[in-house]
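The structure appears right after this line, and notes come after that.
Derivation of every value follows stated rules applied to the coordinates shown; laboratory data play no part. This structure is a prediction, so every number in the text was calculated from the model and none was measured.
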Amino acid sequence: MKTLQRKSELTFGISARGRRELVKHLKGGKLTRKEAMLAACYDCVCGYEDGKVDCRVMRCPLHPFMPFNPEGKKGRGEDSPEN
């Protein structure tokens with residue numbers, strides 16, 4: 001996984017959910033849990049260079065929260081069998 005070290009490195013990727021949050025983090029800002037998840041997904045898929053699509057990394061613990069997961073919020077929340 002390619003991780004950005006400096007805010008000046010954010011020159012790739014498209015405008016998508018997570019980009020603003022990643023920039024905020026790189027500038028030293030505090031993120032909410034949701035913002036951190038969005039930023040992590042954006043960073044992991046290299047700025048959605050292949051388009052706004054599901055990453056299909058089913059083993060990732062963040063996949064159910066991935067912004068472009070076609071399953072949406074299925075399988076999480078208070079009605080989820082895990083809770």
In vacuum, with every alpha carbon of the stretch 7-65 counted as one equal point scatterer, what does the Debye formula give for log10 I(q)/I(0) at q = 0.22 Å⁻¹? Two decimals, please. -0.85
Only Cα pairs under 8 Å and at least 6 apart count here; give the relative contact order of the stretch 7-65 as a rounded whole percent. 37 percent
